[in-house]
Amino acid sequence: MHSTPEGAQSVATLRPAEEVDGVFACTRKERQISRAGTPYLTVELRDGTGTILGRAFREADLLAGRFERGELVRVRGRVERFRDQLQIDVSTIARTQTGEADPRSFLPVAYRDLDELEGFLEHLAREVYEPGLKSLLQRLLGDQKLRADIRMAPCSAPAGGSGARSGAGRSTSSHHAYLGGLLEHTVAVATLGLELCTLHPRLDRDLLLTAAIVHDLGKTREFTYGAEIARSREGRLLGHVELGLRLIAAHVPPALQEERRLALEHCVILHHGPDGASAQRFASAEALALYRLNALDAQLKGAFELGFPALDA
């Protein structure tokens, strides 16, 4: 988990009347007009501990020219309380110099311990006994670059993009939107899959568990990490399902029979359901199970993070 550099100010510890001189990620930038008709600048500032609004009422247009949304900025000002919320009265703000701070230190991160989650992932992979599928998982998790990417990746970019829905009815594409989110989600879905096989022993346990572990591997190629988590070029053009299939193909062992590879790929392709799979239809109970388990964890996580929509009166 990333932490604020020693001695640096963090959003979570800011208090009223405190003088601010620190580096933050700028995730929002708006030029607005006051009731008196004068321009002022509103920014949203974030680090690994939270977000806070900042407003610059003096030389707003001059300050606005010194940085852009999505950049790291050095901010000086004073913390004030406005409508029961803390904000920063900004006196100066400008983009940081190259190398002044690591952008990843300002991104949201998982609350759960990533070392513990990695241990769970390794345990789940050891529960697969079929030689071909077991060998595939060994190759994937033995790829140190991929392993580091699994530990880093989120499942989606933080909320704020178009088309987001709140509560239990939101799209499953918006969940675990922080560093380490992919690892947390993968462990959850695979654990649910293991339990489901106990209730339904006719399920192909090795296939479902392998599919749960690999279903979102494409997320490791879908994002870039700057002052914000954003989608990569290949993520925008191909999507994580295709990227995941390519990663599987690059690690397929000779022991994995073609029929079993197809069964696994079918599960990956259908893990968002038929509507997201180019009109493919479920051809196995394992694909259906993965779809439901993936949606269950994604929607529950989304509900915990953003709440449920208000019920109609």
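The values are calculated or read from the model by the stated rules, or taken from the named source; none is laboratory data. Please read these numbers as outputs of a predicted model, since none were measured by experiment. Ideal geometry is used to build each Cβ from the backbone, glycine not excepted, and the neighbour counts take in all protein chains shown. When the accessible area is computed, the model is the full protein with side chains, heavy atoms only, and any ligands, DNA or RNA have been set aside. Shrake-Rupley method; radii C 1.70, N 1.55, O 1.52, S 1.80 Å.
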Take the chain, connect every pair of alpha-carbon atoms lying under 10 Å apart with a spring to form a Gaussian network, then pick out the residue of THR49, THR13, THR27 with the largest mean-square fluctuation. THR13
Exposed-loop cut sites defined as chymotrypsin sites (Phe, Trp or Tyr not before Pro) in DSSP loop states with at most 14 other Cβ within 10 angstrom; longest site-free run of the chain spans 130-313
Within straight cross-link reach of LYS301, meaning Cα distance under 26 Å, which lysines are found once same-chain residues fewer than 8 apart are removed? LYS219
The answer for the chain, counting only DSSP H helices whose Cα atoms cover 30 angstrom or more along the axis and whose Kyte-Doolittle average is -0.5 or greater, is 285-306
Leaving out ligands, DNA and RNA, and with a 1.4 Å probe, what % of the accessible surface on the stretch 1-138 is carbon or sulfur? 47
Any chance you could check the Cα centroid distance between the stretch 77-123 and the stretch 43-74 for me, in angstrom? 14
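Going through the stretch 169-255, which trypsin sites (Lys or Arg not before Pro) have at most 16 other Cβ atoms within 10 Å and a DSSP loop state? Don't jump to the answer; show the numbers that get you there.
On the way: sites: ARG170, ARG202, ARG205, LYS219, ARG221, ARG231, ARG233, ARG236, ARG246; in loops: ARG170, ARG202.
Here the trypsin sites (Lys or Arg not before Pro) that fit, given the DSSP loop and packing criteria, are ARG202.
How about the stretch 63-157: which GluC sites (Glu not before Pro) there lie in a loop by DSSP and see at most 12 other Cβ atoms within 10 Å?
Numbers: sites: GLU68, GLU71, GLU80, GLU100, GLU116, GLU118, GLU122, GLU127; in loops: GLU68, GLU71, GLU100, GLU127.
Of the GluC sites (Glu not before Pro), the ones in loops of the stretch 63-157 whose Cβ has at most 12 other Cβ atoms within 10 Å are GLU68, GLU100.
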Sorted by packing (mean other beta-carbon atoms within 10 Å per residue), highest first, where do 252-262, 87-97 land? 87-97, 252-262
Toy charge model, Lys and Arg Cβ at +1, Asp and Glu Cβ at -1: the stretch 1-154 dipole around Cα centroid in debye, rounded to 20, equals 580
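Can you tell me the accessible area per residue over the chain, all protein chains present, probe 1.4 angstrom, in square angstrom? Could the numbers behind the result be given before it?
On the way: 16110 Å² over 313 residues.
Computed with neighbouring chains in place, this is 51 Å² per residue.
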Charge dipole of the stretch 30-101 built from unit charges on the beta carbon (Lys, Arg +1; Asp, Glu -1), centred at mean Cα; most positive-end Cα among SER91, ALA101, GLY50 is SER91
Just going by the charge dipole of the stretch 219-267, with Lys and Arg at +1 and Asp and Glu at -1 on Cβ, which of ALA263, SER232, GLY244 is farthest out on the positive end? SER232
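Net charge within 9 Å of THR96 by Cβ-Cβ distance, Lys/Arg positive one each and Asp/Glu negative one each, not counting THR96 itself?
Numbers: positive: ARG74, ARG95; negative: GLU71, GLU100.
The answer is 0.
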